[in-house]
Amino acid sequence: MDLQDFDSDSLYYDEPLAPEVSARLAAAAEQYGEGTAEQPLLEAQALAPEDLTVLVGLYRFYYYQHRYQDALQIAHRALEVVGPRLCLPANWRKIDAGQLAVAAERGIALLRFYLLALKGAGYLNLRLGRFEQGKSMLAKVVELDTNNRLGARLLLDVLAEHSAEILTFPTAANAEIRP
């Protein structure tokens, strides 16, 4: 299956937003430069907790603010929201090729979104110093994306190439305070 072949699928941002949610997202976009975008994003999430546009907005906000733990929570929320739509198991570790094929029939674009959220969660775990968890998530994406359309293989290759250095590199999880 080719994860790039989603031309006929509708994308998450094609779904209509309620006007009050759209207004909150617009306010967040306007307030981003002032550093006050989080509140309207959280209001949008309260109004539409399963809307993928809202989740992507929050994820990007937290990621670009270097609030990786918050971004990771949103990535996990995206997996929780999208997984049932695709009939995937709640535990991403249990997804196999057969379940992937069923999910693809339900929507290749949504499946791609799910796998990108899993890849993002894996990357964020690496950034937070949770190397085994991040590696496991990325390995699952590589296992399911046999053509490497989503590029997770590169992250695993970099991790493998620099594993000795990475284990001693200061991260949020293992950083020491030095004078």
Worksheet item: Just the accessible area per residue of region 19-161, please: how many Å² with a 1.4 Å probe?
Response: 49
Discussion item. Keeping all protein chains in the complex and leaving out DNA, RNA and ligands, what accessible area do you get for Glu132 with a 1.4 Å probe, in Å² to the nearest 10?
Written reply: 130
Worksheet, complete the sentence: Across 5 Å bins beginning at 0, the whole-percent shares of Cα-Cα pair distances in region 73-137 come to 4, 19, 29, 25, 14, 7, 2, 0
Worksheet entry | Two-site label geometry, Gln69 and Arg85: point separation in nm, points 7 Å out along Cα→Cβ | 2.9
Item to complete: For every other residue with a beta carbon closer than 11 angstrom to the beta carbon of Ala23, add +1 if it is Lys or Arg and -1 if Asp or Glu, then tell me the sum.
Response: -2
Worksheet entry | Separation in nanometres of the label points that stand 7 Å from Cα toward Cβ, at Glu20 and Lys94 | 3.6
Worksheet, complete the sentence: In nm, the gap between the two label points placed 7 Å beyond Cα toward Cβ at Glu50 and Thr146 is 3.2
Worksheet item: Whole number please: convex hull volume per residue of the Cα set in region 19-161, in Å³?
Response: 112
Item to complete: Order these peptides, 136-142, 25-31, by their mean beta-carbon neighbour count within 10 angstrom, highest first.
Response: 136-142, 25-31
Fill in: Net charge of Cβ neighbours under 13 Å - reference Leu118; Lys, Arg +1; Asp, Glu -1
+4
Worksheet entry | Carbon and sulfur %, accessible surface of region 19-161 computed with the full protein complex present, 1.4 Å | 51
Worksheet, complete the sentence: Lys and Arg at +1, Asp and Glu at -1: neighbours of Tyr59 with Cβ under 10 Å from its Cβ sum to +1
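The values are calculated or read from the model by the stated rules, or taken from the named source; none is laboratory data. None of the values given here were measured: they were computed from a predicted structure. In this analysis, Cβ positions are derived from the backbone assuming ideal geometry, glycine residues included, and neighbour counts consider all displayed protein chains. We work out accessible area using only protein heavy atoms, side chains counted, and drop any ligands, DNA or RNA first. Shrake-Rupley method; radii C 1.70, N 1.55, O 1.52, S 1.80 Å.
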